1. Might you check whether a residue that is open to solvent by 70 Å² or more (accessible area, probe 1.4 Å), farther than 20 Å from THR193 by Cα and aromatic (Phe, Trp, Tyr) occurs anywhere in the range 71-87?
2. Can you tell me which residue within the range 1-34, out of those that are of a type in the set (Val, Ile, Thr) and more than 15 Å from the ligand (Cβ to nearest atom), is surrounded by the most Cβ atoms within 10 Å (Cβ to Cβ)?
3. Sort out which residues of the range 60-77 are farther than 19 Å from ALA119 by Cβ, of a type outside the set (S, T, N, Q) and not in a loop (DSSP other than H, G, I, E, B), and write them in order of number.
4. Working carefully through the options LEU168, LEU160, find the one that is in contact (Cβ under 8 Å) with a residue 60 or more places away in the chain, away from the ligand (no atom under 16 Å from the Cβ) and of a type outside the set (Lys, Arg).
5. With farther than 23 Å from VAL167 by Cβ, without any contact (Cβ under 8 Å) to a residue 40 or more places away in the chain and assigned by TED's automatic domain parsing to the domain that holds ASP13 as the only criterion, which of ALA105, ALA136, ALA62, ALA127 stands out?
6. Out of everything in the range 182-204 that is open to solvent by 40 Å² or more (accessible area, probe 1.4 Å) and in contact (Cβ under 8 Å) with a residue 12 or more places away in the chain, what residue ends up being farthest from the ligand (Cβ to nearest atom)?
7. From the list ARG57, ARG46, ARG93, exactly one residue is without any contact (Cβ under 8 Å) to a residue 40 or more places away in the chain, surrounded by 14 or more Cβ atoms within 10 Å (Cβ to Cβ), farther than 15 Å from SER32 by Cα and under 18 Å from the mean Cα position of the chain (by Cα). Which is it?
Amino acid sequence: MMTHIAALIFDVDGTLAETEEAHRYAFNRAFSEAWLNWTWNQAIYRQLLKVSGGKERILTFAPDASPELVAGLHGRKTQIYTKMVASGQVSFRPGIESLISSARAQGLKLAIASTTTRANVEALLGARRAFFEVIACAEDVRRKKPDPEVFDLVIKRLDLPADKCLVLEDSINGLKAAQAAGLATVVTPSLYTRGQDFSGALAVLPDLGGVTLAKLIELKG
Ligand SMILES: [Mg+2]
């Protein structure tokens with residue numbers, strides 16, 4: 001069978017799993033362990049999510065923080081977060097697991113395009129890491145989403161033209177990045193991205209529950 005898609009490219013945070021509440025909890029724990037009187041509630045975190053990258057978010061919240069403090073807090077936050085993920089406190093969103101297995105069964109390539117740190121991505125993927133041909137993370141790029149750099153890198157490593165790939169994203173920053181790389185994108189908004197402007201997306205779906213690979217191929221046309 002001739003398919004119009006040769007690869008699925010997944011964002012991680014918000015797309016594979018609703019990770020943001022776990023990230024928020026981990027930031028707050030790292031702050032309190034450092035005796036900082038900082039608490040990020042959902043409203044504050046929603047604003048900070050407009051900035052890509054954990055260190056960047058800390059600096060947006062506390063512009064006077066030293067690079068050492070920011071690095072220390074971010075390192076500890078990553079430890080706390082990866083421990084939560086490893087202990088099974090963050091599960092995949094509906095439809096993700098079955099889409100991954102049918103894509104593998106049909107010989108599609110799988111890739112990750114994320115601007116979170118590699119440690120976070122690998123913790124969440126766990127043993128499924130081996131299913132992904134390309135995993136591009138924060139450490140691999142200079143410019144985070146909405147810059148297309150991470151997607152450009154992924155399609156180069158996949159060695160596929162952009163029009164053979166389909167991106168799954170949950171946020172406007174991710175959608176913009178994918179679009180700038182010439183990639184068709186299906187958006188499944190998450191807790192913190194609902195209500196964003198997803199114009200230009202191939203489709204906007206509540207989640208991927210019950211969405212088959214055939215359906216995605218049909219959407220792509
Ligand atoms: Mg995301």
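The values are calculated or read from the model by the stated rules, or taken from the named source; none is laboratory data. Nothing here was measured: the structure is a model prediction, and the numbers come from that model. Neighbour counts are summed over all protein chains in view; Cβ atoms, including those assigned to glycine, are modelled from backbone coordinates with ideal geometry. Heavy atoms of the whole protein, side chains included, go into the accessibility calculation; ligands, DNA and RNA do not. Shrake-Rupley method; radii C 1.70, N 1.55, O 1.52, S 1.80 Å.
1. no
2. Going through the qualifying residues, I end up with ILE5.
3. Residues satisfying the conditions are PHE61, PRO67, GLU68, LEU69.
4. Being in contact (Cβ under 8 Å) with a residue 60 or more places away in the chain, away from the ligand (no atom under 16 Å from the Cβ) and of a type outside the set (Lys, Arg) holds for just one of LEU168, LEU160, which is LEU160.
5. The conditions single out ALA127.
6. Among those that are open to solvent by 40 Å² or more (accessible area, probe 1.4 Å) and in contact (Cβ under 8 Å) with a residue 12 or more places away in the chain, it is GLY182.
7. ARG57
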